[in-house]
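Take a look at the structure set out below.
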Amino acid sequence: MSPRTNNLLLGAALCAAMVSAHGVGAQEARLLSIRDDATRNRVRIFVEAARLRGTPTEPLVSRALEGIAFKADAKRIEQALAALEKRMRRAKELLAPHATVDELAAAADAIANRVPEKAISDLRRIAPRRTITVEIGVLTELVAKGVKPSVAATMVRDLMAKGATGAQLTELNAAVQQDVALGVTPMEALVLRTRGVMSLLPPAASVNAAQRP
Amino acid sequence: MHRSAAEIRFSAALLASVAVLTPPALAQGARHEARVEAGVARISQPGTHSRNAFVLSGFRSHADSAFAALLAGNATWARDSVAAAQVIGALAWRPTAMSRWQFEGGASGAVFSFAKVGSDGNGSGWLRVRRQLGMHVGVIAGGAVGHTLRGSEQAHSNTVDVGAWVTGGALTLDFSASRARTEDSLLMAASRIFTRSRSAWLDLHDVAATATWTHGQLELAATQRWRRGVRGTDAVQSATTGGATYAFTPRVAVVISAGRQLADPVRGAPDATTASAAVRFTFAELRDGTPPPRESDVSVARMTDGTVLVVRIRAPARARVEVAGSFSGWDPVPITRKGEIWEAQVHVPPGRHRVAYRVDGGPWHAPTGLARLREFDGEVGLIVVP
């Protein structure tokens, strides 16, 4: 290895360490907004342990702050964090080989809301090289609104396979919401709106198209 | 045995306050509603002095996205006169939940006197079709037939009608035009519609306009009707009715109404002027536990400087409303009042966000219209920003 290469690697390592330290510092600052010392310490210990286990900590900190906003006690927050970490670890397996923090958090929410695990791994298989946070989020929203999980999973998967973009899926989700407000059942609204989006997609669209960012 | 017009006046007038009930609006999920209304009324008819009466009615309905049904009953009693009762059943059906067509039908049966059940009464039925032309406008067409029995006297009547409705904000306007044919000369005479020929049938043209305005717990309604005889009579009549409903709570409301109602030959109800006040008790239950559908409180908007969540919350003018979410690290963001609602625009990065709002520092709620996620003994809304 040449001295020049060594210098580049050292520089990169230092930069990574600084960024990581900055992230930890920012999270620490956010944890300081927890006024109760005992609760803050328990959250801090949990988050630190999760970091050592290789779990992204940003979603955990966010969930802890949500618990504080909802006036949950330390034990309840700890339980929620443990459940979230477990789901994120499962999400990591489903989204393998690699997943962003946002994708993991979105998939963890999806699992918590009865989205079939196979549906999540199917989405990753269709788009292995781009982030699918929006797609997972839309799927979770549809299921949470009352669409049968298997139907929602099939619709979103088919739309992705035909090249639908995240923006199109979000628009579909908004249209479903509008229909529901007018009295249509979520299931019927999804089926109808999916046909509408399908008709806009190019017939030749393929899995390759779906993988475009 | 022939009976004079005066004899039938009051007994049939007791039914004047009963309108043809429309099946409940088709709804998201399955919705049940039960209602009881009790009150007093003062009723007068052409050529008679006014009478006091007690009115009791019940209403039971079921509605989902494609089918709705109701069953209603109504009884009226006056101390110095006879009692009357009416039962109404109605159905509404849409071929699919997204269909713009809606078909309605119903039937009603009435007795004009509890002492003469089977000899004094009316039976009627109707069919209607509604066509929604846009989000806020539609047309309607239909017809009804009725058969009235007073002792040995029998009379048939029928009507065809067309109409339209339009809604804008809190205001709804209904217009209708109808042609009624009747051979109920006793009812017509009691309602001051006199024949000018020996024809057994009279034809009447009606035009009506109804305005309904809702603001918070208050609903106001007014109807103006014009009538003109086109066959067998030269009668020209007009009538105005108005009413107000104020809901003190979602379950208890006061209903008052006053005005003149023209004779309804299909249902055997004569011309009458009424003033009434009643208390309404509503027992509503949502089988699936979801709240009634309403427009979403949160939407996503693209601005020149990025994407924003637009949050609109309905809350009292003097309240303090805040929104928070994963985008703000769950720090409450104050919302400012704009007109009738509270509105905030919050810049957010793409991704999925959990969001909630609270009023006056109370518990956090998931905004209406968003998917709801349960956590920490409460609910947050989930929104995805592309």
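Only the coordinates and a few stated rules stand behind these numbers; no lab work does. Computed from a predicted model, the values in this text were never measured in an experiment. A quick note on method: Cβ atoms are made from the backbone with ideal geometry, for glycine too, and the neighbour counts reach across all protein chains shown.
One table, with the values for the structure above:
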read-out: Estimated distance in nm for a label pair at A:A49 and B:I256, the labels positioned 7 Å out from Cα along Cα-to-Cβ; value: 6.7
read-out: Shielding by other protein chains, B:370-383, mean Cβ within 10 Å; value: 6
read-out: Partner chain coverage, peptide A:139-150 - average Cβ within 10 angstrom; value: 3
read-out: Environment charge of B:P316, counting only residues whose C-beta is closer than 14 Å and scoring Lys/Arg +1, Asp/Glu -1; value: +3
read-out: Additional length obtainable on full extension of the chain from A:Q79 to A:R129, 0.36 nm per residue less Cα span; value: 14.6 nm
read-out: Partner chain coverage, peptide A:116-128 - average Cβ within 10 angstrom; value: 0
read-out: Spin-label pair B:A209/A:D158, simplified geometry with 7 Å Cα→Cβ offset, distance in nm; value: 4.9
read-out: Paramagnetic label zone (point 7 Å from Cα along Cα-to-C-beta, B:T249; backbone N under 17 Å) in the range B:32-48; value: B:34-38
read-out: 28 Å Cα-Cα reach of A:K92 towards lysines, excluding residues that sit fewer than 8 places from it in its own chain; value: A:K75, A:K118, A:K145, A:K148, A:K162
read-out: Exposure proxy ranking, count of Cβ atoms within 10 Å, fewest first, for B:S124, A:S150; value: A:S150, B:S124
read-out: Fewest-first ranking of B:F59, B:F67, using other Cβ atoms within 10 Å as the exposure measure; value: B:F67, B:F59
read-out: Rounded FRET efficiency, nearest 0.05, which uses the C-beta distance separating B:S50 from B:T167 and R0 of 35 Å; value: 0.45
read-out: Computed label-point distance, nm, for sites B:W226 and A:R35 using a 7 Å Cα→Cβ extension; value: 6.8
read-out: For the range A:95-213, radius of gyration divided by Kirkwood radius, i.e. Rg to Rh on alpha-carbons; value: 0.95
read-out: Global form of the range B:330-385, assessed from the alpha-carbon gyration tensor, a/c cut-off 1.5; value: oblate
read-out: Mean separation of Cα contacts under 8 Å, 6 or more apart, over the residue count of the range B:298-385: relative contact order %; value: 27
read-out: Label zone at B:V333, where the point sits 7 Å out along the Cα-to-Cβ direction: the range A:44-84 residues whose backbone N lies under 19 Å; value: A:59, A:62-70
read-out: Mean Cβ count within 10 Å, highest first, over the residues of peptides A:60-68, B:234-242; value: A:60-68, B:234-242
